[in-house]
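Taking it in order: structure first as structure tokens, then the write-up.
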Amino acid sequence: MSVHQNFERRPKLIASDLDGTIVAHYGAITQRTIDAFRKAHSIGVEIYFVTGRPPRWMPEIKEAFGIGGAICGNGAMLYDLHNDKVLEEWLMPVEAQFETVNRLRKAIPQISFAVESHSYFHREKEYIPRWDIGLDNVGVDKIEEVITSPALKMLARCSQQELSSDEMLGIAEVELDGLVTVTHSNPADSLLEISALGVSKGMTLAKIAARHGIEAADCVSFGDNPNDFSMLEWCGRSFAMSDGHPDAQKYAKGVAAACEEDGVAIIIEQLLELPA
């Protein structure tokens, strides 16, 4: 899809998911992608990296790009990427954490949990981490033992992959309706990501854009998985990655080539050719 077909102005804000969108599955970010974001920033476009990652996974993004703001935890945190400072948080209350665990244990008996904030990651012994290996070596028998304060995010996993992320999400959306926001970022895994009710990438991006005086029509976003859908839907221009979750294209206005093909960079290069 050419960005010239329906729009005549360059965007005022560009928001992008990280993993699977501009960070390849093997962890690399191409120079073309870095250059595209830096050029946009240099001509006054606001840049936000909007991710499910916690702040402890952001140093590589700071080092690669050297510009931009960050929304972490699927919208639960506004984060100063360059000064390693939490600016604002929309956390999951303790009561909601307990109730979430209670409901999901009944609905998916084999489920296990982890909970994280800016400075900690706690897991149950049955919860087998894929990325935070070593951060919490011991684990607890039941996550309720360490639920003592509002959380950035809860994680729920079927460690033996008895159910896919999509199957887990289908169950959890019914069980947790009206209590929390539940999503996932990896259809190949068996993992849910749970935030406070109403918290999403789209909600927080809309809030931050409004603070800049920027409307949805002047925002562009890129993403590949269910945790991106709210952001893709809200922005006036949005692009689902061609190799992302099959439902992403229902929420986006266009499609970008795969991350490994510099899909986001290609679109940004086209956008920057438009007049301000």
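The values are calculated or read from the model by the stated rules, or taken from the named source; none is laboratory data. The shown structure was predicted, so the numbers you read here are calculated from the model rather than taken from an experiment. Reconstructed Cβ throughout: ideal geometry from the backbone, glycine too, with neighbour counts over all protein chains shown.
Only one of these is on the phi > 0 side of the Ramachandran plot and either in contact with a strand residue (DSSP E or B) (Cβ under 8 Å, 6 or more places away or on another chain) or of a type outside the set (Gly, Ala, Ser) (or both): Asp177, Asp228, Asp262, Asp189. Name it. Before the answer, list the steps.
Numbers: Asp177 fails: on the phi > 0 side of the Ramachandran plot; Asp228 fails: on the phi > 0 side of the Ramachandran plot; Asp189 fails: on the phi > 0 side of the Ramachandran plot.
The match here is Asp262.
If we scan the range 123-143, do we find a residue that is in contact (Cβ under 8 Å) with a residue 24 or more places away in the chain, over 20 Å from Asn186 (Cβ atoms) and part of a loop (DSSP other than H, G, I, E, B)?
no
Going by the conditions given, is Leu163 in the same structural domain as Ala76 (by TED's automatic domain parsing) and among the aliphatic types (A, V, I, L, M)?
Working: in the same structural domain as Ala76 (by TED's automatic domain parsing): no; among the aliphatic types (A, V, I, L, M): yes.
So Leu163 does not fit the description; no.
Can you tell me which residues in the range 196-247 are charged (D, E, K, R) and not in a loop (DSSP other than H, G, I, E, B)?
From the range 196-247, those charged (D, E, K, R) are 201, 207, 211, 215, 218, 224, 228, 233, 237, 243, 247; that's our starting set.
Answer for the range 196-247, where residues must be charged (D, E, K, R) and not in a loop (DSSP other than H, G, I, E, B): Lys201, Lys207, Arg211, Asp218, Asp228, Glu233, Arg237.
I need the full set of residues from the range 160-174 which are of a type outside the set (Gly, Ala, Ser), outside any helix (DSSP H, G or I) and at negative phi, in order please.
Gln160, Glu162, Leu163 - these are the residues of the range 160-174 that are of a type outside the set (Gly, Ala, Ser), outside any helix (DSSP H, G or I) and at negative phi.
Can you find a residue in the range 5-23 that is surrounded by 15 or more Cβ atoms within 10 Å (Cβ to Cβ), at pLDDT below 95 and within 26 Å of Glu261 (Cβ to Cβ)? Before the answer, list the steps.
To start, the set of residues in the range 5-23 that are surrounded by 15 or more Cβ atoms within 10 Å (Cβ to Cβ) comprises 7, 10-23.
Adding the requirement that they be at pLDDT below 95 leaves 7.
Next, from what is left, pick out any that are within 26 Å of Glu261 (Cβ to Cβ): 7.
Yes, the conditions are met somewhere in the range 5-23.
If you check Ala28, Ala40, which single one turns out to be small (Gly, Ala, Ser) and crowded, with 19+ Cβ neighbours inside 10 Å? Break it down stepwise before answering.
Working: Ala28 fails: crowded, with 19+ Cβ neighbours inside 10 Å.
Every option except Ala40 fails the conditions.
Rundown of residues vs (1) within 23 Å of Glu233 (Cβ to Cβ); (2) hydroxyl-bearing (Ser, Thr, Tyr); (3) more than 16 Å from the chain's Cα centre (by Cα), yes/no style:
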position	(1), (2), (3)
Ile47	yes, no, no
Pro54	no, no, no
Ala64	no, no, yes
Ala76	yes, no, no
Val86	no, no, yes
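Can you tell me which residues in the range 6-23 are of a type outside the set (Asp, Glu) and under 15 Å from the mean Cα position of the chain (by Cα)? Steps first, answer last, please.
Of the residues in the range 6-23, the ones of a type outside the set (Asp, Glu) are 6-7, 9-16, 18, 20-23.
Hits for the range 6-23 are Ile14, Ala15, Ser16, Leu18, Gly20, Thr21, Ile22, Val23.
State yes or no: is Pro129 modelled with pLDDT of 95 or more and outside the structural domain of Tyr79 (by TED's automatic domain parsing)? Break it down stepwise before answering.
Values: modelled with pLDDT of 95 or more: no; outside the structural domain of Tyr79 (by TED's automatic domain parsing): yes.
Spelling it out, it is not the case that Pro129 is modelled with pLDDT of 95 or more and outside the structural domain of Tyr79 (by TED's automatic domain parsing).
Can you spot a residue in the range 79-91 that is within 25 Å of Gly178 (Cβ to Cβ), loosely packed, with under 14 Cβ neighbours inside 10 Å, in contact with a Leu (Cβ under 8 Å, 6 or more places away or on another chain) and acidic (Asp, Glu)? Full working, then the answer.
Start the filter on the range 79-91 by keeping residues that are within 25 Å of Gly178 (Cβ to Cβ), which leaves 88-91.
Next cut, loosely packed, with under 14 Cβ neighbours inside 10 Å only: 88.
Checking which are in contact with a Leu (Cβ under 8 Å, 6 or more places away or on another chain) leaves us with 88.
From what's left, acidic (Asp, Glu): 88.
Yes, because at least one residue in the range 79-91 is within 25 Å of Gly178 (Cβ to Cβ), loosely packed, with under 14 Cβ neighbours inside 10 Å, in contact with a Leu (Cβ under 8 Å, 6 or more places away or on another chain) and acidic (Asp, Glu).
Let me spell it out: the conditions are (1) under 22 Å from Asp218 (Cα atoms); (2) within 16 Å of the chain's Cα centre (by Cα), and Asp35 meets all of them except one. Which number is the exception?
For Asp35, the exception is condition (2).
Pairs only if they're at least six apart or on different chains, beta carbon under 8 angstrom, first in the range 200-222 and more than 19 Å from Met241 (Cα to Cα), second acidic (Asp, Glu) and in a loop (DSSP other than H, G, I, E, B); list them, first residue then second.
Ala209/Glu215
So, in the range 54-110, how many residues would count as being touching an Asp or Glu at 6+ places or on another chain (Cβ under 8 Å), among the β-branched types (Val, Ile, Thr) and in a loop (DSSP other than H, G, I, E, B)?
0
Please identify the pairs in which a residue from the range 26-39 that is part of a loop (DSSP other than H, G, I, E, B) has its Cβ atom under 6 Å from the Cβ atom of a residue that is of a type in the set (D, E, K, R), counting only partners at least 6 apart or on another chain.
What qualifies is Thr30/Asp262.
Can you name the number of the only condition in (1) closer than 30 Å to Glu126 by Cβ; (2) touching a His at 6+ places or on another chain (Cβ under 8 Å) that Gln270 fails?
(1)
Assuming Lys250 fulfils every condition listed in (1) in contact with a Ser or Thr (Cβ under 9 Å, 6 or more places away or on another chain); (2) under 30 Å from His41 (Cα atoms) apart from one, which condition is it?
Here Lys250 meets the rest and fails (1).
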